[in-house]
Every structure is written in C-alpha cells, then in structure tokens.
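Rule-based calculations on the coordinates, nothing more; no lab input. Quick caveat: nothing in here was measured; it's all calculated off a predicted structure. Don't worry about glycine lacking a Cβ; one is built from the backbone with ideal geometry, like all the others, and counts go over all protein chains shown.
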Amino acid sequence: MKKYIALLILFLISAVNLKAQVSLTGETSGYFPQEELDAVRNRSIYYFSSNKQHIEFCKTLLSLYSDGLKNNYPPNTIVILKYYFCIDEKGKAVMIKPVSDYPHVNSQLNPKEMTGKIIETIGSYTFIIGAINKKPVKYSFMFELTIDPENARHNEAVMKESARISTGNPMKLEEYATSGFIKPEVISMEKPAYPTIARLAGIEGTVLIKAYINEKGIVKYAEIARSIGQDCGIDEEALRVVKSAKFTPARFGTGPGKAQITVPVIFDLEDNN
C-alpha cells in the first residue's frame, strides 16, 4: 500500500512540474545577464528553444491585442511590452519582471491582462539553457515588443489572403511550358509586407513561387515551390505579391505564349527597417 501511495505522490509531483509556476515578484540578482553566457543568440528570437514556440507565443499576443482593441483599449492604441525574463538552469521561465519606462503618447505599457496571459503561456515553454564555462546557470534577458493596430490588421489580412489564394487550381497546367522560351520579366510587383508574426519572431529567408503566366503576362495560378518552413505568414505573403504581379509574356519562336517560371521572394528584416 505504501508503495502505491509513494508512486501516486511522485505522479502528482511530476504533473505539477509539467507547467512551471512563473512569478511576478522576486530578486533578479542571482540571474546572469544574457551577455555573460557562453553562446549569445540574437535577441530577436527571445531565447525560445524553437521557432515554433516563438511563433505560437507571438500569435497569442496578437490575438490578445486584437481582443483588447475590441474590448479594453481606445482605438489606435499602441501596446508596449517590456519585461525581464528569468530562466532557471533547466530552461524554464520562473519569473518575469515588468520594466517600468514611461510609455509613448496613446500607448499602454505592460497591460495587466496581457501580462497575465504571458505568465500563463510561458509556464509550459522551454527556453535555451544558459551556460558559463559549460555549466548551466540561471540567466535573464530583456523581452521587448511593440504592437500597433497596423500589425494586427496586416496579420488578419495575410491570413484571409492565404485562404483565398489556396483555392482555385486552373485546368490544363500542362499547357504552360517549362523551357524553350525567353523568360518573362517582372514589369511590376509589389514589395512584400513583412508579416507581423515573422517580424516579431525574427524569421528571414527566401520563398520560391512557381508562377503560371499566360500569353498576356498575367499570373493565372501560383503555388509554393519552396516554403520558408514556418507557419508565420511569409509563404502566404509571397504568394499574394506574385499572384498580383505583372510580367512580360514568355517569348516563343511563334510569339508570346503560356509558361511557368520560378519567382524568388526575399524577406530580409534589415531591408524592411
């Protein structure tokens, strides 16, 4: 009987530890600053152990912000989130400390409902393990994020565009040649807007889009040839700008005709600033 009771206690302890208890109070003096760790990562990834977790986290914040605009914040409110994240030797968040800077006009600093959701969410996340001389240590890093209405609106627009573009595969794609022509050239193509989730998560890269262009230089269909590999809105934005672009028609010996080409769409955070 004692054996079963002991096993039950161990199970309950394990279940409680699945989600760390994150505190808003405590001392940060025992946490090494990120600059002193053996390997310092770019601050834009916020030390999440995976991009997937970071993207999920950013989506959660954007959703909270959108709800806040509808229910709590005045129109056009900018929300500024500034915290120190304190991470233990096992890569779990144990404390966040709000940073108290005077916010800009028409902005809110660390809204209470968003702070609560951050605490609730990061308790189940894992961060990279900080080390000094290869020994795991507790460390802290600054989490800083600014979200404005334009971010939220653009994120919703990209998701709607994704649903629209993904429908409607035209018939007879085999009519679009893959060789034997002078390649169509871009006449006009909109510069892609950086999806909010990707920008917040620090994701960059190049998406390759296969475009099916008719004899008038119009893109009749487009599909992803090489994805960025992250669910962050970049693929959808690349599809959108190629689908709406204007090209010169492919030139064959007998004149213009239908052709398929691969179009690279580059997403670079420095170029976006």
If Leu239, Leu269 are placed from fewest to most neighbouring beta carbons inside 10 Å, the sequence is Leu269, Leu239
The stretch 83-99-the stretch 111-138 distance, computed between alpha-carbon centres (Å):
4 Å
For the stretch 245-251, take each phi angle, set θ = phi - 60°, evaluate the Karplus expression 6.51 cos²θ - 1.76 cosθ + 1.60, and give the result in whole Hz per residue in order, putting x for glycine and proline.
6, 10, 10, 6, x, 5, 10
Just to confirm a number: summing +1 for Lys and Arg and -1 for Asp and Glu over residues other than Glu185 whose beta-carbon lies under 12 angstrom from that of Glu185, what do you get?
+3
Charge dipole (the stretch 231-273, unit charges on Cβ, about Cα centre) - positive-most of Gly253, Pro264, Ile234:
Gly253
Taking other Cβ within 10 Å of each residue's Cβ, how do Cys58, Cys232 sort, fewest first?
Cys58, Cys232
Partners for Lys138 among aspartates and glutamates (Cα-Cα distance below 18 Å; same-chain residues under 8 apart left out):
Glu27, Glu35, Glu36, Asp38, Asp88, Glu89
Cβ-based exposure ranking for Glu174, Glu190, in which fewest neighbours within 10 Å come first
Glu174, Glu190
Enumerate the lysines that Lys134 could reach by cross-link, defined here as Cα to Cα under 30 Å, with residues fewer than 8 away along the same chain left out.
Lys19, Lys52, Lys82, Lys90, Lys92, Lys97
Rg (one decimal) and Dmax (whole number) from the Cα set of the stretch 175-272, in Å, equal 14.4, 49
